[in-house]
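Asker: Pasting in a structure now, in structure tokens, and then I'll have a few things to ask.
The values are calculated or read from the model by the stated rules, or taken from the named source; none is laboratory data. This is a predicted model, so every value here is computed, not measured. When we count neighbours, we look across all protein chains shown, and the Cβ atoms used for this are built from the backbone with ideal geometry, even at glycine. Each accessible area value is taken on the protein alone, full model and side chains, heavy atoms only, with ligands, DNA and RNA left out. Shrake-Rupley method; radii C 1.70, N 1.55, O 1.52, S 1.80 Å.
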Amino acid sequence: MYELHDIVEMKKPHACGANEWELIRIGADMKIVCEGCGRLVMLTRHDFDKRFKKVLRHQSEN
């Protein structure tokens, strides 16, 4: 599904207009960074799974 440092797409775009996020922490809480403006957001795993849409790029592809 998703792994650390993958670039993911969420259901709604960020306020800056970007819709690409990098996963920088996976656990009970998920920490993601907006690729557009660099804003750091922390969500519970439950909230992240509800808002998650798809993986755009896996870390192993970079």
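Asker: What aspartates and glutamates could a cross-link reach from Lys11, if we take a straight Cα to Cα line under 19 Å and drop same-chain neighbours fewer than 8 places away?
Answerer: Glu3, Glu20, Glu22, Asp29, Glu35, Asp47, Asp49
Asker: What shape does the chain have by the C-alpha gyration tensor, where a ≥ b ≥ c are the square roots of the eigenvalues, rounded means a/c under 1.5, and otherwise prolate means a/b greater than b/c and oblate the rest?
Answerer: Numbers: a/c = 1.37, a/b = 1.05, b/c = 1.31.
Note, shape of the chain comes out rounded.
Asker: I would also like to ask the following. Leaving out ligands and nucleic acids, and using a 1.4 Å probe, what accessible area per residue does segment 16-62 come to in Å²?
Answerer: Each residue of segment 16-62 exposes 64 Å² on average to a 1.4 Å probe.
Asker: Quick check: at a probe of 1.4 Å, how many percent of the accessible area of the chain sits on carbon and sulfur atoms?
Answerer: Of all accessible area on the chain, carbon and sulfur atoms account for 48 percent.
Asker: Hey, another quick one. For Ala18, what is the net charge nearby, where nearby means another residue's Cβ is under 12 Å from its Cβ and Lys, Arg count +1, Asp, Glu -1?
Answerer: Neighbourhood net charge equals -2.
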